[in-house]
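Reviewing the structure listed below.
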Amino acid sequence: MKRRDLFAATAGAALAAALPARARAAGTVSGDSAPAGAFEIVAAFSGAGPSGIAVTPSGRVFVGFPRHADNHREATLAELRDGTLIPYPDAAMSLPSSRPPEQRLMSIHGMTTDSEGRLWAIDDGKLAGQPIAPGAAKVIGIDPATDRVIATIVLTPPAMREDSHMNDLRVDLTHGARGTAYVADSSFGHTGALVVVDIATGRQRRVLAAHRSTQPEAGFRAVLEGRPLRYDAAHPTFPVGGADSITLSADSTRLYYSPLTSRRLYSIATDLLANFDATEAQLAAGVVDHGEKVMTDGLATDAANRLYLTAGEHDAIMRLSPDGSMDVVVRDPRIVWPDGIFADATHVWCTLGQWNRLPGFNGGKDLRQPPYLLIRTPIVSSPELS
């Protein structure tokens with residue numbers, strides 16, 4: 001079994017002191033490792049960059065390592081167990097092989113768990129430098145109780161496009177015989193949308209593809225690591241895209257989402273979104289614009305219905321409460337392009353992908369500084385949870 005060098009930690013401060021200087025500086029320009037909030041480095045990965053993160057109720061930790069930016073030869077889905085990455089659900093599915101695309105994991109991106117604690121992932125199907133092969137992009141469900149695949153739903157046209165970038169997903173067990181998956185397609189082009197998948201039947205459709213809530217904002221400006229950057233579809237200088245961040249409300253009655261190249265938060269009732277008979281006009285009329293937040297690549301929800309926001313422009317993770325107030329959970333110069341985010345009962349977990357440092361956004365120079373960090377920060381109890 002192939003192992004990846006990594007550092008596992010029990011406390012952020014202790015690990016930061018123990019890590020070599022390069023690891024302490026990972027994700028920074030200045031090398032400053034002093035945190036402005038409480039967070040713990042769970043692991044530091046020296047190989048491929050992480051994206052998706054999911055934690056089961058029993059505490060099992062799963063990490064996704066997509067291949068759309070680097071067509072690496074390591075596991076694309078792995079369980080972090082005692083400081084070691086174990087290909088999951090097994091090496092045959094997670095490592096590169098000659099098996100047909102629909103029978104293996106190509107490029108695991110967003111991840112989540114459902115209300116029964118089962119693991120779900122979106123396979124974006126993309127290998128760097130190659131077109132997406134038929135059968136490669138799919139929704140995958142795995143039951144950690146048995147470590148068996150319980151669902152494989154290949155995404156097909158017209159729900160799937162040649163330029164699709166199936167980025168993240170959430171699974172709602174309150175709609176459909178076996179649940180409904182909502183997928184954010186941020187697009188490798190400029191055609192973002194939401195994709196709705198009935199897990200029992202595999203029925204799927206692409207929705208809100210022409211709606212402002214799924215599209216990148218023209219002229220959008222971002223400030224990343226002190227650099228003001230303007231969205232230019234022809235010459236991107238930072239990761240851009242349509243519908244990207246996605247999360248369910250605590251009771252699964254609403255889906256919250258946002259384009260990557262945007263600071264606005266939108267939502268729609270799942271009663272409407274999961275209804276395959278709803279027209280585009282009805283769906284568009286059901287979208288609620290909640291106003292500005294921050295630029296996000298990931299959203300997560302806790303049991304008190306608070307939303308956690310990755311805030312790459314601020315080197316931070318932020319929290320939006322139901323009353324509309326927003327606070328900083330943690331801010332630190334090592335939090336460079338926070339990506340996948342997951343809230344369990346006690347902590348918020350986040351992968352730091354450094355995706356804005358990829359060569360394609362920096363004149364061909366790879367500015368990433370491995371190792372790539374997986375961090376977590378405590379959830380402060382709310383009155384609803386006390």
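Out of the residues in segment 202-233 meeting the condition of being in a loop (DSSP other than H, G, I, E, B), out of contact with any strand residue (DSSP E or B) (no Cβ under 9 Å at 6 or more places or on another chain) and not aliphatic (A, V, I, L, M), tell me which one is farthest from Leu272 (Cα to Cα).
Step one: of segment 202-233, the residues in a loop (DSSP other than H, G, I, E, B) are 202-203, 208-211, 215-220, 225-226, 231-233.
From the residues that got through so far, the ones that are out of contact with any strand residue (DSSP E or B) (no Cβ under 9 Å at 6 or more places or on another chain) too are 218, 225-226, 232-233.
Pick out the ones that are also not aliphatic (A, V, I, L, M) and you get 225-226, 232.
Details: Glu225: 40, Gly226: 41, Asp232: 34 Å.
Across segment 202-233, the extreme among qualifying residues is Gly226.
For segment 134-160, which residues satisfy the criterion of being of a type outside the set (Val, Ile, Thr) and surrounded by fewer than 20 Cβ atoms within 10 Å (Cβ to Cβ)? If you could, list the steps in order and put the result at the bottom.
At the first step, the residues of segment 134-160 found to be of a type outside the set (Val, Ile, Thr) are 134-138, 141, 143-145, 147-148, 151, 155, 157-160.
Answer for segment 134-160, where residues must be of a type outside the set (Val, Ile, Thr) and surrounded by fewer than 20 Cβ atoms within 10 Å (Cβ to Cβ): Pro134, Gly135, Asp143, Pro144, Ala145, Asp147, Arg148, Pro157, Pro158.
Of the conditions (1) within 20 Å of Asp124 (Cα to Cα); (2) at pLDDT below 95; (3) in contact with a Phe, Trp or Tyr (Cβ under 7 Å, 6 or more places away or on another chain), Leu19 clears all except one; give me its number.
(1)
Given (1) touching a Pro at 6+ places or on another chain (Cβ under 9 Å); (2) of a type in the set (D, E, K, R); (3) closer than 22 Å to Gly179 by Cα, identify the lone condition not met by Lys126.
That leaves (3) as the condition not met.
Being in contact (Cβ under 8 Å) with a residue 24 or more places away in the chain, surrounded by fewer than 21 Cβ atoms within 10 Å (Cβ to Cβ), in a strand (DSSP E or B) and aliphatic (A, V, I, L, M): is that true of Ile41 here?
Considered against the rule, which asks whether it is in contact (Cβ under 8 Å) with a residue 24 or more places away in the chain, surrounded by fewer than 21 Cβ atoms within 10 Å (Cβ to Cβ), in a strand (DSSP E or B) and aliphatic (A, V, I, L, M), Ile41 comes out as no.
Please go through segment 241-282 and pick out each residue that is of a type in the set (Gly, Ala, Ser) and within 13 Å of Ala181 (Cα to Cα). Don't jump to the end; show me each part of the working.
Taking segment 241-282 as the starting set, the residues that turn out to be of a type in the set (Gly, Ala, Ser) are 241-243, 245, 249-250, 252, 258, 262, 267, 269, 274, 278, 281.
Across segment 241-282, the qualifying residues are Ser252, Ala274.
Condition check ((1) out of contact with any His (no Cβ under 6 Å at 6 or more places or on another chain); (2) more than 21 Å from Ala269 (Cα to Cα); (3) not charged (D, E, K, R)) across all residues:
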{"site": "Gly286", "(1), (2), (3)": "yes, no, yes"}
{"site": "Met295", "(1), (2), (3)": "yes, yes, yes"}
{"site": "Ala300", "(1), (2), (3)": "yes, no, yes"}
{"site": "Arg319", "(1), (2), (3)": "yes, yes, no"}
{"site": "Asp323", "(1), (2), (3)": "yes, no, no"}
{"site": "Met326", "(1), (2), (3)": "yes, yes, yes"}
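Quick one: in segment 286-334, of everything that is without any contact (Cβ under 8 Å) to a residue 12 or more places away in the chain and outside any strand (DSSP E or B), which residue is farthest from Glu217 (Cα to Cα)?
Let us first name the residues in segment 286-334 that are without any contact (Cβ under 8 Å) to a residue 12 or more places away in the chain, namely 323-325, 327.
Remaining after also requiring outside any strand (DSSP E or B): 323-325.
Values: Asp323: 26, Gly324: 23, Ser325: 24 Å.
In this case the residue turns out to be Asp323.
Of all residues being assigned to a loop (DSSP other than H, G, I, E, B), of a type in the set (A, V, I, L, M) and out of contact with any Pro (no Cβ under 6 Å at 6 or more places or on another chain) in segment 81-123, which is farthest from Ala54 (Cα to Cα)? Just the residue, please. Please lay out each step first, then the result.
Residues of segment 81-123 assigned to a loop (DSSP other than H, G, I, E, B): 82-83, 88-90, 95-100, 104-107, 114-118.
Retained after the next criterion (residues that are of a type in the set (A, V, I, L, M)): 95, 105-106.
Those still in the list that are out of contact with any Pro (no Cβ under 6 Å at 6 or more places or on another chain) too: 105-106.
Details: Leu105: 17, Met106: 18 Å.
Out of the qualifying residues, it is Met106.
Tally the residues that are more than 20 Å from Pro134 (Cα to Cα) and assigned to a strand (DSSP E or B), restricting the search to segment 182-201.
If we filter segment 182-201 for residues that are more than 20 Å from Pro134 (Cα to Cα), which is where we start, we get 182, 190, 200.
If we keep only those that are assigned to a strand (DSSP E or B) as well, we get 182.
The qualifying residues number 1.
The values are calculated or read from the model by the stated rules, or taken from the named source; none is laboratory data. Given the structure is predicted, the values throughout are model-derived calculations rather than measurements. In this analysis, Cβ positions are derived from the backbone assuming ideal geometry, glycine residues included, and neighbour counts consider all displayed protein chains.
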